[in-house]
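Okay, structure first, notes after.
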Amino acid sequence: MRKTVYYIVLPLMAIFAASCGNKTTQEGSSESTEAPQSMVKDASDYDPSRGEGKYTAENVILGATLDGAMAEAGSKIQGVKCSSCHKLTDEKLVGPGWKGVTERRKPEWILNFITNPDPMIDKDPEVQAQLELCLVRMPNQNLQDQEARSVLEFMRKNDGVK
Amino acid sequence: MRSRIIMSMSFVCLLAMLYSCKPKNAGTAVSGDAAAKTYVAPGKYDEFYNFVSGGFSGQMSAYGLPSGRLLRVIPVFSVDPEKGWGYSEETKPMLMTSHGFVPWDDLHHPEMSQTNGEVDGRWVFGNANNTPRVARIDLTTFRTAEIIELPNSGGNHSSPFITENTEYVVAGTRFSVPADNSNGDVPINSYKENFKGHLSFISVDKTSGAMDVAFQIQCPGVNFDLSHAGKGKSHGWFFFSCYNTEQANSLLEVNASQKDKDFIMAVNWKKAEEYIKAGKARKVPARYAHNVYDEKTHTAKHEIRKEVLILDAKELKDLCYMIPCPKSPHGCDVDPTGEYIVGSGKLAALIPVFSFDKLQKAIADKSFDGEYDGIPVVKYESALYGEVKKPGLGPLHTEFDANGNAYTSFFVSSEIVKWNIKDLKVLDRVPTYYSVGHLCVPGGDSKKPFGKYLIAYNKITKDRYLPTGPELAQSAQLFDISGDKMQLILDFPTIGEPHYAQAAPAALINNNNQVKIFKIDENAHPYVAKGEGESKVVRDGNKVHVYMTAVRSHFSPDNIEGIRMGDEVYFHVTNLEQDWDVPHGFGVKGANNAELLIMPGETTTLKWSPDRVGMFPMYCTDFCSALHQEMQGYVRVSPAGSKVPLSFTLGGNSTQPAK
């Protein structure tokens, strides 16, 4: 609940923060521990084709053909962490269907989005448009690197890569 | 406690009239910069965690300091419907005892684990006073991980205090009682003959924290009160205050206050370990519960243990010594060096400070003044370092800072007094509002106090907050002790009745691998559904198991038909989320116990016995997303013997037969 409110208010706050600079706010309470930084950073350096996260065109390498074992592992993870909200067809459930996603999005964008959704939901214009339709922020399902890669391979299989 | 307080009020009034230091005016005590000192800006964290006993609520609470903001109520010894504690099938075993299910107890003293005498931020222990138990709370989850019951005990007040490497959590019995395996059906006035006081030493596994009643020491029948372990040079010893050494069994208010001096009992627990190795302990039949919560199966296990190891203080010499201490001592506190032991006689007008070195010499020289029920009594002067003269009235409890100062709470004169341990001179005094019981300095009973603040936990609230009928918020007060003079900077209300509390720098705990989610792939609950593909409904006679998943923003399944009157339905709800702070709730109409609150990756079970035929809505009770209000479903209940097939669906509008 708290979060939903946050996500409406935070972008506004970010605009404020940007114009005010990073002024020190502590008046009296001397050594209060720093809270984690806001999830929202400056949106101007956002690259909508790559997304935001550790994946780039350089460090994501796809095989010419499908890695069947990896896709199988990805299918299992999809069953636990993804299938509640995404169908494998193009039909929307909670979120959009997966059919064709690997053709619409670059692999690094997909990997960044499924491992680092929160900043991208705040910044990516297309994700924001999608949020207006779905009204549910895609949760961070804590995919490890290898798990995320396996899910991507399963998406490729779902899109007909042999 | 309250009744005791009220009974002693006439005494209080008399003394207060004679005494000039009573609080006069609440308004005069606060100076101008108090707000700045306690202000923690929105979005900023507090500097300290403060773990405060919830008293008769049976729970423990975590506050942030210096703001006094309540961060969490940790359910321990009482059911908590907000979190399903004691209501979900998984947590019910945690509240089982040898007397069966106990839904409400009384928690007095939190004690944080230590390594080398310093607070390590791993666990905090708490005591159940009424049905004697000790709980271990895991500070990575802020949940009660383990509860162990104490045999041969009644009123587990002298508890839970720890040794400097958390080797033992120690618990002395307040009420002496006939031992569990003896005949307890004896005249109450045979107290002196039949009643015994047992001190429990609970071992704590260094890695897992697992607790075990390692041994008990059987002592003469008296009332044991607060205690503390030696540290540094006095590591290996434990010091317990005792009152009612008159061995009265009725009207203790008068009859247990006859003697000028009661005792602090010094126990050489290293010697106890030697005696056990030498085979001097007896295995005695007993019956006590041991309950452990497993974070992998998300389920608690309850077992009854049937034996305990007993050492007899009367038979085994060199184990226990009595040190005379004025007037029904309550607090028994050891300074950071381990040399000074401070006794606080709650009816006394002075504070005796004992020296560990002098005590050792007195024992070596046999400087004794006879025996008390077979236990040598050390001569008062031979163990005494000195007395703090005229400190106030009714000292209760003392904690320490890192600069050689002690802070003692005075219930009767309602004040905190700062004094120097070396020269025993009073340095400062401040009034409290009203009638302080325990106090707390962060790390104040360890070898390395963090100082900076002192919190007074008051017994009487009266006019400190807006009135709320006859029952008022409990009252804690925060003092800045960084300067020479103590300064009151904040009042904050607490839950239950705050007895003891402990505090530690936030970094010790929030950098201690805080659990944010439970990993779904490590979930070993027998009824987990890892993904919607595994959600199902299974009938087993009149038991129906619903393997249900929750994710923003639906349950799977969300329509269930074929439930019949007389069924016991178990909703095993797995939260599929893997993101911090996204719990789901679960409620179903007519549930006679409570709701569920399920953390990400966790499985939790609600047992539900429908009481009538009809349609029963169920829904998510914890706001989870913009579509939270859509997170709902129905259970159809048919008459006993109905032919409606068991079915479960999600997203369809037709009934499909169960596989």
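Taking only the Cα atoms of the range B:125-267, how large is their convex hull per residue, in Å³?
Details: hull volume 16.3 nm³, N = 143.
That works out to 114 Å³ per residue.
Using just the helices of chain B, give the 222 nm mean residue ellipticity in deg cm²/dmol: DSSP H runs with n ≥ 4 each add -39,500 (n - 2.57), and the total is spread over all residues, rounded to 500. Mind dumping the intermediate values first?
Values: 9 runs with 56 residues, N = 659.
Estimated from H runs of four or more residues: -2000 deg cm²/dmol.
For A:Gly97, what charge total do you get from the other residues with a beta carbon under 11 Å from its beta carbon, if Lys and Arg give +1 and Asp and Glu give -1? Present the calculation step by step, with values, prior to reporting the outcome.
Working: positive: A:Lys87, A:Lys92, A:Lys99; negative: A:Asp90, A:Glu91.
Local net charge: +1.
Going from the residue with the fewest nearby Cβ atoms within 10 Å to the one with the most, B:Val254, A:Val151, A:Val101 rank B:Val254, A:Val101, A:Val151. Taking one quarter of the surface of the convex hull spanned by the alpha-carbon atoms of chain B gives a direction-averaged projected area of 31.5 nm². Shown is the FRET efficiency for B:Arg305 and B:Trp104, computed with R0 = 30 Å from the Cβ-Cβ distance and rounded to the nearest 0.05: 0.80. Of all DSSP-defined beta bridges confined to the range B:526-649, some 70% are antiparallel rather than parallel.
Full-extension gain between B:Lys462 and B:Glu522, please, as 0.36 nm times their residue separation minus the C-alpha to C-alpha distance. The partial results should precede the final answer.
Details: separation 60, 0.36 × 60 = 21.60 nm, distance 5.07 nm.
Taking B:Lys462 through B:Glu522 to full extension adds about 16.5 nm, to one decimal.
Within the straight-line cut-off of under 23 Å between alpha carbons, the lysines reachable from B:Lys206 are B:Lys231, B:Lys233, B:Lys270, B:Lys271, B:Lys277, B:Lys296, B:Lys301, B:Lys447, B:Lys448, sequence neighbours fewer than 8 places apart in one chain being disregarded.
Comparing Cα centroids, the range B:205-268 and the range B:339-411 end up 14 angstrom apart.
Positive contributions from Lys and Arg (+1) and negative ones from Asp and Glu (-1), summed over other residues with Cβ under 9 Å from the Cβ of B:Ala640, come out at 0.
Step through the table entries A:Lys81/B:Lys643; A:Lys92/A:Lys123; B:Lys37/B:Lys418, compare each Cα-Cα distance with 25 Å, and write down the pairs that go over it.
Details: A:Lys81/B:Lys643 36 Å; A:Lys92/A:Lys123 22 Å; B:Lys37/B:Lys418 21 Å.
From the list (A:Lys81/B:Lys643; A:Lys92/A:Lys123; B:Lys37/B:Lys418), the Cα-Cα distance tops 25 Å for A:Lys81/B:Lys643.
A straight line joining the Cα centroids of the range A:80-150 and the range B:113-145 runs 41 Å. With the cut-off at 44 Å, report for the protein assembly as shown the share of all Cα pairs above it, as a whole percent. The answer is 38 percent, as a whole percent.
How much net charge surrounds A:Thr65 when only other residues with a Cβ under 15 Å from its Cβ are counted (Lys, Arg +1; Asp, Glu -1)?
-1
The label point for B:Leu71 and the one for B:Lys422, both projected 7 Å from the Cα toward the Cβ, are 3.6 nm apart. The mean sequence separation of alpha-carbon pairs under 8 Å and at least six residues apart, normalised by the residue count of the range B:526-649, gives a relative contact order of 30 percent.
So between B:Asp611 and B:Lys296, what do we pick up on full extension, going 0.36 nm a residue minus the alpha carbon distance?
On the way: separation 315, 0.36 × 315 = 113.40 nm, distance 3.35 nm.
Gain on extension, B:Asp611 to B:Lys296, equals 110.0 nm.
Size of the range B:330-460: Rg and Dmax of its alpha carbons, in Å, are 15.1, 47. Taking all C-alpha pairs of the range A:50-162, those more than 23 Å from each other amount to 21 percent. Be a star and scan the range A:94-111 for residues whose amide nitrogen sits under 13 Å from the point 7 Å along the Cα-to-Cβ vector of B:Leu627. Answer for the range A:94-111: A:94-97.
Each value in this text was obtained by applying a stated rule to the coordinates, not by laboratory testing. This one's a predicted model, so the numbers in the text were calculated from it and none came from an experiment. Because the Cβ atoms are built from the backbone with ideal geometry, glycine has one as well, and the counts that use them run over all protein chains shown.
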